[in-house]
Amino acid sequence: MEQKVLLVDQQKCTGCRQCELVCSVYHTGASNPSRSRVKVVKWEQVGIYLPMTCNHCEEAYCVEVCPTKACHREPDKDNRVVIDKKLCIGCRTCIIACPFGQPFFDHQERVTVKCDYCDGDPQCVAFCNVRAISFVEADRAQMAKKKEAANRLADLLKQARG
Amino acid sequence: MATESIQPIRMTKYVSPQQEWKVIIAIYLYLAGMGAGSFMIGILIHWMGVALNPLPVPLIELFDVRLDLAKLPILWGPIMVSIGAPFLILDLGIKWRFMYACLNPRTSWVARGFIILSVFIVFGLLILAKSLWPFKWLNPESGLWLIPEGIAFVFAFATALYTGILLKATKSVPLWNTPLLPLLFLTSALSTGSMAIILSTLGTGLLSYHSGAMKVLMVGEQIFVVIEGIVLYLFLSRRYKASEQGRESVRLLMTGKLRYVFWQGIILLGFLFPIVLEWISKHYQSSALLFIAGLSLLTGGFFLRLGLIQAGIKDQIPMQRLVEFQYGLIKIPK
């Protein structure tokens with residue numbers, strides 16, 4: 001089965017936070033962005049918005065550090081990394097370990113939560129009016145995009161260093 | 001329906017330290033480290049057969065058995081670790097699930113720590129219980145007791161080291177991600193542990209101020225403090241050069257909002273006061289000054305854990321860094 005991933009186009013994002021709202025409603029029933037699994041990070045002074053979601057990393061630090069195996073991978077479901085709420089003890093080690101600032105502590109449920117692709121139909125994708133987030137197959141085209149981004153970063157680093 | 005608090009759009013700044021682990025974890029790390037360190041020193045005193053004064057306390061009987069309190073002031077370390085462990089449970093989101101915490105020892109250091117601390121507490125308390133009750137039916141004079149004592153010693157060492165490994169294993173905080181951190185916590189465990197043993201043996205009269213064993217113990221403690229100071233210097237200087245976030249963490253500690261914790265809590269209470277007061281107490285033969293020095297050192301040991309936990313700044317998110325470069329929001333120093 002082809003693995004699918006969430007792809008974010010930062011240049012399209014307007015920072016409306018609709019994704020946060022629908023994610024929160026879908027997962028918790030509450031219209032509360034602070035409980036959503038996607039977070040919009042912003043640079044207010046220049047008006048840049050970046051929706052941050054879990055990358056479901058190949059080498060996931062959250063899975064590695066979880067003491068209870070609550071945080072685990074599901075290879076048959078888009079190879080996603082999910083947290084089993086029934087096993088989570090709320091130690092928050094995964095939050096500290098994740099380099100992408102991802103799992104979030106839900107203060108209502110007292111456990112750590114993260115993106116689970118809404119069981120194959122991500123609501124952030126369905127409700128994003130400007131199509132800044134898409135759910136696509138992680139095929140060669142995406143690899144090319146990643147390489148392009150990496151090259152762009154390398155060029156910028158070279159320029160910055162003179 | 002109850003209202004829920006709603007946060008504004010988050011303005012993520014990579015210079016903000018982590019907010020997940022706070023003072024409760026510092027208390028846990030401190031009690032575990034100090035308790036394990038004091039047990040290591042105590043069991044070494046026990047193994048070396050140091051002559052101890054009789055305790056000036058009334059005899060206590062429990063279930064018609066007279067308790068032997070002679071070794072209590074040197075073997076109380078497991079009690080401290082037993083008091084510290086519930087602090088970790090207090091910090092959990094769902095506290096009653098703490099027993100799940102050993103399900104993934106293959107990769108998780110939290111799970112390994114749960115096992116290490118449990119083994120140490122069980123064997124440490126067994127050794128303490130053996131020193132209190134005669135356990136005649138278990139032949140307390142038998143050389144076989146060296147086996148559980150050895151296991152307790154090894155797991156005490158592992159506990160002291162583990163307190164640093166727990167932080168190091170999270171990887172994403174450059175301040176913590178160094179082998180020097182477990183070494184720093186180990187030396188701190190030994191310095192605070194030996195000082196705690198000095199205070200408890202001196203306070204109970206188990207060892208007198210002028211006894212040879214006390215002198216050796218004090219020299220050992222001073223050596224541990226000096227080694228701890230050297231390791232702290234190496235730790236901070238290496239972390240300053242390690243990465244942008246490592247540098248920010250060290251700045252936060254030394255000149256930022258944690259400067260009072262660092263200069264007054266760690267340096268003044270943990271190093272300068274004890275060294276100076278111990279020197280003066282030696283000069284004036286004053287055990288009262290030694291007590292003040294000891295309490296100061298023990299407080300400094302706590303602030304060391306607190307400061308390092310609160311100064312932990314995570315690595316910047318790669319995408320954020322990409323955006324910042326792309327829009328020229330940050331410049332790399334040439």
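What follows is calculated from the coordinates using simple rules that are stated; it is not laboratory data. This structure is a prediction, so every number in the text was calculated from the model and none was measured. Positions of Cβ are generated from backbone atoms using ideal geometry, with glycine treated the same way; all protein chains shown enter the neighbour counts.
Each residue of region A:147-157 is assigned a 3J(HN,Hα), and the resulting list reads 4, 4, 5, 5, 5, 5, 5, 4, 4, 4, 4 Hz, derived from the Karplus form 6.51 cos²θ - 1.76 cosθ + 1.60 (θ = phi - 60°), x at Gly and Pro. Put a dot 7 Å past the Cα of B:ALA129, heading toward its Cβ, do the same for A:GLN159, and the two dots end up 7.0 nm apart. Enter the Cα centre distance for the pair region B:96-111 and region A:82-150, rounded to the nearest angstrom. One Cα centre to the other: 23 Å. Charged side chains reduced to their Cβ positions (Lys and Arg at +1, Asp and Glu at -1) give region A:43-162 a dipole of some 380 debye around its Cα centre.
Rounded to 0.05, the FRET efficiency of the B:ILE60 and B:SER243 pair, given R0 = 60 Å and the Cβ-Cβ distance, is 0.60.
A helix-only calculation puts chain A at -8500 deg cm²/dmol for mean residue ellipticity at 222 nm, using -39500 (n - 2.57) for each DSSP H run of at least four residues, averaged over all residues. Between the residues B:TRP133, A:GLN123, A:PRO67, the greatest Cα displacement towards the positive end of the dipole of the protein assembly as shown, with unit charges on the Cβ of Lys, Arg, Asp and Glu, is found for A:GLN123.
For region A:1-127, the share of DSSP beta bridges that are antiparallel, to the nearest 5, is 100%.
What you get for the protein assembly as shown, charging only the Cβ of Lys and Arg (+1) and of Asp and Glu (-1), is a dipole of about 1280 debye around the Cα centre.
Within the listed set A:LEU50, A:LEU87, A:LEU21, the Gaussian network model of chain A (springs between alpha-carbon atoms below 10 Å) gives the highest mean-square fluctuation for A:LEU87.
Measuring r between the beta carbons of A:GLN3 and B:ILE115 and using R0 = 22 Å, the FRET efficiency lands at 0.05.
For chain B, the relative contact order works out to 24 percent when only alpha carbon pairs closer than 8 Å and six or more residues apart are counted. Measuring gaps between exposed loop sites in chain A (trypsin sites (Lys or Arg not before Pro); DSSP loop; at most 11 other Cβ atoms within 10 Å), the longest gap, sites not included, is A:1-85.
From the alpha carbon centroid of region B:247-298 to that of region B:128-168 is 31 Å.
Remark: region B:131-141, residue by residue, has Karplus-estimated 3J(HN,Hα) of 6, 7, 9, x, 6, 4, 5, 9, 6, x, 7 Hz, where x stands for each Gly or Pro and the curve is 6.51 cos²θ - 1.76 cosθ + 1.60 at θ = phi - 60°.
With 24 Å as the limit, the listed pairs A:LYS42/A:LYS77; A:LYS114/B:LYS22; A:LYS158/B:LYS257; B:LYS71/B:LYS215; B:LYS136/B:LYS215 have A:LYS42/A:LYS77; A:LYS158/B:LYS257; B:LYS136/B:LYS215 beyond it between alpha carbons.
What is the spin-label model distance, in nm, from B:ARG259 to A:ARG110 if the labels are put 7 Å beyond Cα along the C-beta direction? Roughly 4.1 nm, to one decimal. Compactness ratio for region A:1-116: Cα radius of gyration over 2.2 N^0.38 Å (N = residue count) comes to 1.08.
Could you tell me what fraction of 2.2 N^0.38 Å the Cα radius of gyration of chain B comes to, as a two-decimal ratio?
On the way: Rg = 22.5 Å, N = 334, 2.2 N^0.38 = 20.0 Å.
Cα Rg divided by the expected 2.2 N^0.38 Å: 1.13.
By the Cβ distance rule of under 4.7 Å, chain A has these cysteines without a partner: A:CYS13, A:CYS16, A:CYS23, A:CYS57, A:CYS88, A:CYS91, A:CYS98, A:CYS118, A:CYS128. When A:CYS98, A:CYS88 are arranged by Cβ crowding within 10 Å, least crowded first, meaning fewest neighbours, the order is A:CYS98, A:CYS88.
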